[in-house]
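Worksheet for the structure shown next.
The values are calculated or read from the model by the stated rules, or taken from the named source; none is laboratory data. Because the structure is predicted, anything quoted here is derived from the model rather than measured. Every residue, glycine as well, gets a Cβ built from its backbone with ideal geometry; the counts of neighbours run over all protein chains shown.
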Amino acid sequence: VNPALADLNGLFAGRLLVDEADKAPFLVDWLKLKGDAIAVAMPETTEGVAAILRWAARTGTAIAPQGGNTGLAGGSVPQLARPTVLLSLKRLNRIRSVDAVNSTLVAEAGCLLADVQAAAAEAARLFPLSLAAEGSCTIGGNLACNAGGTAVLRYGTARELCLGLEVVTADGEIWNGLNALRKNNTGYSLRDLFIGSEGTLGVITAAVLKLFPKPRARATAMVGLDRVEQAALLLAALQSRSGGAITTFELMSARALALVLAHLRQTQSPVESACRWYLLIEVSDQQGEDAAAATLEEGLAAALESGQIKDAVIASSLSQAASFWRLRESMNEAQAATGKVVKHDVSLPISALDPFIAGVDAALSAQFPDARTIIYGHLGDGNLHLSALPPERDPHRLQPRDGALINRIVHDLVHEYGGAISAEHGIGTLRRDELPRYKSEIELKLMRRIKTALDPDWTLNPGVLLAPPDWPTDRSF
Ligand SMILES: Cc1cc2nc3c(=O)[nH]c(=O)nc-3n(C[C@H](O)[C@H](O)[C@H](O)COP(=O)(O)OP(=O)(O)OC[C@H]3O[C@@H](n4cnc5c(N)ncnc54)[C@H](O)[C@@H]3O)c2cc1C
């Protein structure tokens, strides 16, 4: 037992979990990665977070912030070489204020994304960040990972939806940067340093978020086609026709759709024709239902006529639209049910998607002829999720060394096409050792300098995103 814990327990009686059974749910992530912590602390106030960080600085204990534990980069459960306290932000979960005139709200870091969306809706506004884990992930985690999701095309990533932050620094000071300004040129943007830093530079405790007018209507379609190149052209055409009103433009390979249909025990695909690729498209409109549907109908009719797409179905009811969305949103679950999966979250210029996919498909099937590759993702953002699933009859077939080789093939090609090895999930621990291969030396040096300036003792999430200087060469703990 760490004697310093008694001291912390004094500060947080009842909100410090030390029993193995109490800690257990916090120590395994969505990908089944396991971690360890000497305690889980659950403060309810920003001052409580600051007190823990001051205690950690004093005792040399590492701190691992955690929100909803839905991250997909291995950064949300501590797998650290040092004694670590897991800092759960879940109880710091109040909506502090809503300003409908300024179209902003202030939410504490532990608010569920779905609760932030609901608070915006209550004020007749939209908070557009949306992803399948929205019922479990927190706004603090979304900002720490700069989450993307299904509406980035229209509204941007979490970074673009945040005006100000409150952050507790590694030595336990509170920075109140909760300004609600759309313009603020008064020096370095500290907000932007903390967003996307994956809990390695400071603990986000609250944020000012941007709200938008609620769309009056949405129209949703599923489309079948044979080439990704055509999908990219369709996106450009629909954007011009709709004046940029496309909110969602999601891609699924035929194999990805088949996997999710089987997982949901659905026998029929919404799109009748057999195609190599499918799209989920949504338009949101301020003019009303007819205008939204007309934009899609006219655009898709033109694409059918020119042979750009093979088939299309526009949802005729809210429940049909929800059934299209369910296919997309169940993709992670469907993969998890297949066994050991090697996942990727890459981004590329939209114009490079077609040749990249052809190249990666050829390279992976040459090396792993019986592994199954599925591709899906946010085509409108140039963001592909590419997963190598194990052979159907042998769920344990892909071994860690296969994973390393698959990563090498995929990431090298991404780099060759000018892409990034993480688009929205982050680097975490899973991609940390890949980073030096693809980032320039100067970029890594600057990142390390920033880390050392803000967290000189590497208290916060050491080993997430960057390896600490004293990192052991054997990382298999
Ligand atoms: C089914 C499913 C679908 C998903 N779909 C998408 C998607 O479409 N787009 C997308 O971008 N992501 C997606 N994700 C992953 C996504 O990154 C997370 O869902 C979410 O952004 C993480 O929030 P969280 O609260 O769960 O953070 P956690 O998983 O708890 O933490 C993630 C990282 O952030 C750090 N962190 C958490 N809270 C704080 C804080 N307050 N201050 C500082 N650091 C903090 C942690 O230390 C960790 O490094 C999906 C995940 C699942 C399971």
ask   = Restricting region 18-67 to residues that are basic (Lys, Arg) and not in a helix (DSSP H, G or I), which is farthest from the ligand (Cβ to nearest atom)?
value = 34
remark   = Listed by first then second residue, the pairs whose first member lies in region 369-387 and is more than 12 Å from the ligand (Cβ to nearest atom), whose partner is part of a loop (DSSP other than H, G, I, E, B) and among the acidic types (Asp, Glu), with beta carbons under 9 Å and at least 6 positions apart or on separate chains, are 370/392; 370/394; 372/392
inquiry  = Can you report the number of residues in region 81-91 which are within 28 Å of residue 345 (Cβ to Cβ), assigned to a strand (DSSP E or B) and among the aliphatic types (A, V, I, L, M)?
reply    = 2
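Okay, residues lined up against (1) in a loop (DSSP other than H, G, I, E, B); (2) away from the ligand (no atom under 15 Å from the Cβ); (3) touching a Gly at 6+ places or on another chain (Cβ under 9 Å); (4) at pLDDT 95 or above:
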residue	(1), (2), (3), (4)
76	yes, no, yes, yes
79	yes, no, yes, no
93	yes, no, yes, yes
102	yes, yes, no, yes
116	no, no, no, yes
159	no, no, yes, yes
164	no, no, yes, yes
172	yes, no, no, yes
task = Considering only region 274-296, state which residues are surrounded by fewer than 14 Cβ atoms within 10 Å (Cβ to Cβ) and more than 15 Å from residue 215 (Cα to Cα).
result = 274, 276
query = Here are some conditions: (1) touching a residue at least 12 places away in the same chain (Cβ under 8 Å); (2) assigned to a loop (DSSP other than H, G, I, E, B); (3) surrounded by fewer than 24 Cβ atoms within 10 Å (Cβ to Cβ). Residue 188 meets all but one. Which one does it not meet?
reply = (1)
remark   = Residue hits (region 97-141; of a type in the set (S, T, N, Q) and either out of contact with any strand residue (DSSP E or B) (no Cβ under 8 Å at 6 or more places or on another chain) or under 21 Å from residue 178 (Cβ atoms) (or both)) are 97, 102, 103, 104, 117, 138
ask   = Quick one: how many residues across region 434-457 are more than 16 Å from the ligand (Cβ to nearest atom) and in a helix (DSSP H, G or I)?
value = 14
note = Scanning region 118-150 residue by residue, those assigned to a loop (DSSP other than H, G, I, E, B) and either more than 10 Å from the ligand (Cβ to nearest atom) or not small (Gly, Ala, Ser) (or both) turn out to be 123, 124, 127, 128, 129, 131, 134, 137, 146, 150
